[in-house]
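The values are calculated or read from the model by the stated rules, or taken from the named source; none is laboratory data. Because the structure is a prediction, the values reported are computed rather than measured. Note: ideal-geometry Cβ built from the backbone for every residue, glycine included; neighbour counts use all protein chains shown.
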Amino acid sequence: MLEKNFSSNYPQEETLYLPPQAVARFGKSRVTTTQISPDGNVIAVASRIGVWLYDVYTYCFLSLIGINGTGILSKIAFSPDSKRIATADWDGVTKLWDIETGANLSTFIHTDYVISIAFSSDGKYLATSSRDGNAKLWNIDAEAEILTVPHEDSVIKVLFSPEDRHLVTGSWDGNVTLWDLPTQKHLATLSHEAQEKSVTFSSGNTETFNEGGIEDIVFSPDGKYLATRGRRADKTIRLWEVKTGEQIWKVTYEALVGHLVFSPDGKYIATCEQNGQVNLRDVQTGKSCLTVNDDTSIEAFTFSTDGSHLSTGSTAGVVNVWCVKSRKNMGSLTGLGAVDALQYLPNGTLLVEMKTAIEVWSLNEEHLGTLPHPLDSWGWRIRFSPNGKHLAGLSKAANAVQLWDMDTGETIEMFEGGEGSGKTLAFPSEGQCFGLSISTFPRSGIVQLWNEETLASFSHGGLVDTVEMSLNGTLVATGGRDKKVKLWQVETQQCFQTLSGHIGRICSLAFSPDGALLVSGGGDTWERQEGNDGIAYFFTAADGTVDTTTKVWKVATGKNIATLESNWMVRAVAFSPDGTHLATGVSKTVTLWCTQTWQSVATLDTVKIESLAFSPDGARLALGGTWPEQKIQIWDVKVGELVVEFSGHKSDVESLAFSPDGCLLASGGFDGVIYLWDMTPYL
């Protein structure tokens, strides 16, 4: 039985705002954006599950505004008086919250992902833009839509001019629309040229992609000018006069333009290229006044509040501070994680957002505080240790394994796998926990096995989609887009079987408990083409080949001993602990198969499936759903009935694991959260 006060020793943040029937949460979810309140007192960190509020001066946790529903947070914005905060999500819902009470005050609806939100400076209006191709202006008090601005593609940004005289929208359709706010009349449309690209894939299919459009827009501090930044193939920065709608100058770059910001006094505009170069340009002429070169890609830069300094942050974990007047480097912060964003706090200190955490630094290189929010926390794969005292989680994005103590909820160990994307992890024996990952493109046919160091590498020879390890840790299976499965000896790193017969990519793999069998699930056929610009293009025909089979293989001989037919690609496969049953998940159906006869013994009508796991006694089967049905279902295997359903994840439930005693179920989601569920009422 699970103890009544199971999580009483856990950190406060791990037990706040839990879904019904969940007893704890590991992870705060992936950070989507960070903002500082206008009064300078609060740091808001928006994760996929809610907004975490911290004191600017002490860096102490204040509260969590948890967001109900299925929507993953995309953007946040403080009201000008710092008393309210607006949150927007992937489902198209924008909500207004009272910061002190956490109460939901208003709700505003789009039909798709909200990309941008902004308050007017008087706090009376809220503007939103969406992937549904519209920007909307709302009267906050009346909760009424007063203007809709249609575009022909996603509206990437909406904002007010500094004195609320104008509203502007920018879209991937290449157009920026300028509106008079008091009258809601259209004043001008400012356009970038269309940029389209035709890509021919290996199958002969040719697709046309939009490679242009607007990626960013920003007003000068006095509202006289508007700067626009092109997207992808449109490598231009343009300055426009708001009064006339005329283009003043245009600058074309050789590399993709990354960022765009005005200095506080409006004299300069800073631009960044992906080749590591930052240019400070004179607003009147567009000519470069200062060029900063970095050996690695600069991901972030910002002006100090008085405009005297420009700070840059790179993927190499270096922040440089430049004096705008003298053009000299005033100092550096080194040894940081890869920097994603920079912001100056009101007291002149620097908020540095990194892949691993958010930290506060003084300009004299003193570390002042840490907010424990890894930016790349999404896509958890999970396993309990054999004795159940620890839970291991592999973050797919960070390619790192984290171990938690189940008695205290504290992290006891973390190790990283280097560059690449985490695929799965294994816990074959106590004290032995491994991560398995695929290298970054174009080396994404190489699978690595690691803990504190790289232990083995397996070169599949093509793009790998799925990886699995046998329960005893001696074998690894890799499945790729070449429609093949390869079996490897961990000790020798040698491939001893290549299994052919699938007609689509390999979607899922599972070893039998004794390691004698391997099952592989087929999938659709994606094509990938990488352009000279480094951008990857993907294509799958609507009538393309889909492998709807699950194949059963003898590990020792490589013989295909059974082929199980389904009606769509096989998303998940799992053996029961005693090896007598196999579960296959296809769309919204789970089929249970007898492993003696390979005949179907039961069919379950379920949520759309992402993951499967049997309880230790084999009596229960847990199913993890994928968007938009990201629920967890527990089924009675013997009678084929639904026992209970859990809700709480904001996105795909990518992994499930029962504790060895079956009293806990852990679920790892694409939302960057691991939940622990009490299973004792359902045993």
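Applying the condition of being within 16 Å of VAL283 (Cβ to Cβ) and surrounded by 17 or more Cβ atoms within 10 Å (Cβ to Cβ) to the stretch 237-257 and asking which residue is farthest from the chain's Cα centre (by Cα) yields VAL242. Of all residues in the stretch 416-434, those satisfying the criterion of being part of a loop (DSSP other than H, G, I, E, B) and within 20 Å of THR478 (Cβ to Cβ) are GLY417, GLY418, GLU419, GLY420.
Here's the yes/no breakdown for (1) in a strand (DSSP E or B); (2) touching a residue at least 40 places away in the same chain (Cβ under 8 Å):
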site: ASN364; (1), (2): no, no
site: TRP378; (1), (2): no, yes
site: ALA397; (1), (2): no, yes
site: TRP404; (1), (2): yes, yes
site: MET414; (1), (2): yes, no
site: LEU436; (1), (2): yes, yes
site: THR440; (1), (2): no, no
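Report yes if some residue within the stretch 51-66 is more than 28 Å from PRO182 (Cα to Cα) and touching an Asp or Glu at 6+ places or on another chain (Cβ under 7 Å); otherwise report no. Yes, the stretch 51-66 contains at least one residue that is more than 28 Å from PRO182 (Cα to Cα) and touching an Asp or Glu at 6+ places or on another chain (Cβ under 7 Å).
Among the residues of the stretch 198-212, none is identified as under 20 Å from LEU178 (Cα atoms) and either more than 29 Å from the chain's Cα centre (by Cα) or modelled with pLDDT of 95 or more (or both). Within the stretch 210-231, restricting attention to residues that are buried (at least 19 other Cβ atoms within 10 Å of the Cβ) and either among the basic types (Lys, Arg) or outside the structural domain of ASP173 (by TED's automatic domain parsing) (or both), the residue that is farthest from ARG165 (Cα to Cα) is ARG231. Just one of the numbered conditions (1) without any contact (Cβ under 8 Å) to a residue 60 or more places away in the chain; (2) small (Gly, Ala, Ser); (3) under 21 Å from PRO150 (Cβ atoms) is not true of GLY213: (1). Pairs are defined by a Cβ separation below 8 Å, a sequence spacing of at least 6 or placement on different chains, a first member in the stretch 1-15 that is over 21 Å from CYS60 (Cβ atoms) and aromatic (Phe, Trp, Tyr), and a second member that is surrounded by 11 or more Cβ atoms within 10 Å (Cβ to Cβ) and modelled with pLDDT of 85 or more; the pairs so defined are PHE6/VAL23; PHE6/ALA24; PHE6/ASP678. Scanning the stretch 467-482 for residues that are in contact with a strand residue (DSSP E or B) (Cβ under 7 Å, 6 or more places away or on another chain) and over 24 Å from SER429 (Cα atoms) yields a total of 3. Going by what's in this entry, would THR349 be described as in contact with a Leu (Cβ under 8 Å, 6 or more places away or on another chain), in contact (Cβ under 8 Å) with a residue 12 or more places away in the chain and on the phi < 0 side of the Ramachandran plot? Against the criterion (in contact with a Leu (Cβ under 8 Å, 6 or more places away or on another chain), in contact (Cβ under 8 Å) with a residue 12 or more places away in the chain and on the phi < 0 side of the Ramachandran plot), THR349 qualifies. Between ASP164, ASP132, ASP122, the distinction of being under 27 Å from ASP55 (Cα atoms) and charged (D, E, K, R) belongs to ASP122 only. Taken over the stretch 15-42, the criterion of being under 21 Å from the mean Cα position of the chain (by Cα) and in a strand (DSSP E or B) is satisfied by ARG25, PHE26, VAL31, THR32, THR33, THR34, GLN35.
Within this structure, VAL485 passes the test of being under 19 Å from THR557 (Cα atoms), crowded, with 22+ Cβ neighbours inside 10 Å and in contact (Cβ under 8 Å) with a residue 24 or more places away in the chain. Scanning the stretch 91-113 for residues being without any contact (Cβ under 8 Å) to a residue 24 or more places away in the chain and more than 16 Å from SER63 (Cα to Cα) gives a total of 5. Candidates in the stretch 625-637 are the residues that are at pLDDT 95 or above and over 17 Å from PRO20 (Cβ atoms); of these, the one that is surrounded by the fewest Cβ atoms within 10 Å (Cβ to Cβ) is ASP636.
So, of the residues in the stretch 285-304 that are modelled with pLDDT of 90 or more and assigned to a loop (DSSP other than H, G, I, E, B), which turns out to be farthest from GLU359 (Cα to Cα)? Ranking the qualifying residues of the stretch 285-304, first place goes to THR285.
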